[in-house]
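The structure appears below as structure tokens.
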Amino acid sequence: MILPKSNRLTPEQLTEVTEIVTEFGCKIQPIIGAVRTIYAIVGDEREELMINRLEGLPYVERIDRIQSPFKLMDKRSDLATHRITIGGATLGEELFVIAGACTIDPKNPNYFYETAQAVKEAGAHMLRGGVWKPRTNPYTFQGDVKSLDILMEASRRTGLPVDTEVMEEGHIKVALDAGVTCLQIGARNALNYSLLRAIGRAIAERDTVVLLKRGIHMGPINEFISAGEYIAAFGNPNIILCPRGTAPSLDGYRNHPDESITPLLKEKTWAPVVVDPSHSVGKASYVPACALAAVAYGADGLCIESHVSPSHGIGDDPKQALTPDVLAETITQAKQLWALRRGVKIG
Ligand code: PEP
Ligand code: MN
């Protein structure tokens, strides 16, 4: 990793470093932060001669040699000071809440518009709504691109930024062109490296954020963080890690709740952790406790399914969506706990 003395390299300096690393079979990947740009050396960067030549350049502050499987996502990386701001809220400075329906029903858009308004009033910072849906059963509703218009209309009405899952490469451009702020990678695609690369490439020059769910069958924690590295490697470090429960399930729950991995993630990576208690436990009555547990474990935020009338919802909503009153209470308590944990006085 090349850290320049100034906020970024000039085009001439970039050409010079590119020529040096190319000689050694490597490439340069700029990682554009809000203030500073740093430059990852992609390839085998251990070559001493290359490092010496780069270190000798007058405009290079230092070369970081982090030997980590995820050198950008690593807590020791220069990106550790990177902050993700969405719609005016900065993760890490306040508890960040994403809420909304599992699935937008294209036939009954008013439920989503009402849900959007309700989650805003409950204190959510970002609205979620499924357009394309990964469903276990191929005969159930698979989502509908028409729902994207409903999602964006709800965003206009409430002023909330939106998050939606993209399941395949073709969805990425459609979602970005519509104005989606946060692309969600679902638990089934968390290890789909070609999709991760496609997203990384597509958002490289944008403010877009990625909410990366933990894979249902993911093993070691490094596997999760490395999935984020696939995206970061293209230059946009706006990556949020989202534990959402794993298989096999804990008897009675939908999955095995995994909010407890939050401190482990935080030891290894600077990336914010937003826990999804809804898919973790899978039943509305268990969601508030799981949400609070996540905050107690140090989560930076929550992603909660909510619907004004869960029994009229589709997808997961009838089972696991919180009604707006329960959502509001959960958010209030979670914010208090978040503040308590950080010793911040609640104003
Ligand atoms: C969802 O967010 O509705 C969803 C399908 O999530 P996951 O990928 O975690 O199952
Ligand atoms: Mn869902």
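The values are calculated or read from the model by the stated rules, or taken from the named source; none is laboratory data. Remember, predicted model here, so these are calculated numbers, not experimental data. Quick reminder, even Gly has a Cβ in these numbers, built from the backbone with ideal geometry, and neighbours come from all protein chains shown. Ligands, DNA and RNA are stripped out before the accessible areas are found, and what is left, the full protein with its side chains, is counted by its heavy atoms. Shrake-Rupley method; radii C 1.70, N 1.55, O 1.52, S 1.80 Å.
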Selection from region 103-147 of residues that are within 15 Å of ligand 2 (Cβ to nearest atom), over 16 Å from C182 (Cβ atoms) and of a type in the set (D, E, K, R): D105, K133, R135
Number of the condition not met by W270 [criteria: (1) of a type in the set (F, W, Y); (2) within 16 Å of the chain's Cα centre (by Cα); (3) farther than 19 Å from L79 by Cα]: (3)
Please determine whether any residue of region 194-215 is among the acidic types (D, E), in contact with a Gly (Cβ under 7 Å, 6 or more places away or on another chain) and in contact (Cβ under 8 Å) with a residue 12 or more places away in the chain. no
Out of everything in region 267-282 that is among the charged types (D, E, K, R) and touching an Asp or Glu at 6+ places or on another chain (Cβ under 9 Å), what residue ends up being nearest to ligand 1 (Cβ to nearest atom)? D276
Helices (runs of 4 or more DSSP H) wholly in region 235-347 with at least 1 residues that are of a type outside the set (F, W, Y) and more than 28 Å from E223 (Cβ to Cβ) - which ones? 287-296, 317-320, 324-341
Which of the residues spanning region 314-333 are over 12 Å from A99 (Cβ atoms), open to solvent by 10 Å² or more (accessible area, probe 1.4 Å) and either within 23 Å of the chain's Cα centre (by Cα) or not charged (D, E, K, R) (or both)? I314, G315, D316, P318, T332, Q333
Residues being touching an Asp or Glu at 6+ places or on another chain (Cβ under 8 Å), within 16 Å of ligand 1 (Cβ to nearest atom) and closer than 28 Å to T269 by Cα - total across region 288-338: 7
State whether the residues of region 53-70 include one that is free of Cβ contacts under 8 Å to residues at least 40 places away in the same chain, among the charged types (D, E, K, R), surrounded by 16 or more Cβ atoms within 10 Å (Cβ to Cβ) and not in a loop (DSSP other than H, G, I, E, B). yes
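Are any of the residues in region 109-123 charged (D, E, K, R) and either in contact with a Gly (Cβ under 7 Å, 6 or more places away or on another chain) or at positive phi (or both)?
no
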Against the definition (of a type outside the set (A, V, I, L, M) and more than 20 Å from I38 (Cα to Cα)), how does P237 come out, yes or no? no
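Being over 26 Å from H307 (Cβ atoms), assigned by TED's automatic domain parsing to the domain that holds V274 and within 16 Å of ligand 1 (Cβ to nearest atom) is the requirement here; does M218 meet it?
Criteria met by M218.
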Could you tell me how many of the residues in region 259-284 are within 16 Å of ligand 2 (Cβ to nearest atom) and in contact with a Ser or Thr (Cβ under 7 Å, 6 or more places away or on another chain)? 1
